[in-house]
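In what follows, a single structure is set out as structure tokens and then discussed.
A short reminder: the numbers here are calculations on the coordinates, not readings from a lab. Keep in mind the model is a prediction, meaning the values are calculated, not measured. With ideal geometry, Cβ positions are generated from the backbone for all residues, glycine too; neighbour counts draw on all protein chains shown.
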Amino acid sequence: MVRKKVEKPIPPMGPGSKVVALTPQLRRHITQRMVGRKKNIKAFDMSFNTILMKKLPEEIFKNEELIEHARTFEAPNNRLKKLPKDIAVWTELEHFDVRHNQLKRFAVEQRINTDYLLCFLTYIT
């Protein structure tokens, strides 16, 4: 007699987490595209434009699939006052836009590969 393997649900955060497990409200701001010469590499674009958020959702920093494949992060025209240090987990990030927010400081660890990072910041007071 063979037992059926019980499949556990995909977690939204932590080890083995996938973008499909995120809430629909959060998933609508994340777009997946295939890049590379053979279009075989996943890339995720996150766009939180003008939704007047005051802080970034923690799920986007703790989702394993986003950590590995995030390429674009846009959050202009919001009410962000500070950015968490967790942004450094996105090592493949190429485009980072936080223009027109209320940022007081911008301190990110040096683990981000800034060779190809296009960064848009506004005047920080």
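Numbers below:
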{"quantity": "Segment 19-120: relative contact order as a whole-number percent, Cα under 8 Å and 6+ apart", "calculated": "22"}
{"quantity": "Rg followed by Dmax, in Å, when segment 1-90 is reduced to its Cα trace", "calculated": "15.6, 60"}
{"quantity": "Interchain or long-range residues, amide H under 5 Å from Glu74's placed H", "calculated": "Met46, Ser47, Phe48, Asp97"}
{"quantity": "Efficiency of FRET between Asp45 and Lys8 - r from beta-carbon atoms, R0 30 angstrom, step 0.05", "calculated": "0.60"}
{"quantity": "Residue-count net charge about Met13 - beta-carbon cut-off 9 Å; Lys, Arg +1, Asp, Glu -1", "calculated": "-2"}
{"quantity": "Given charges at Cβ of Lys, Arg, Asp, Glu: segment 19-120 dipole, positive-most of Met53, Ala21, Thr31", "calculated": "Met53"}
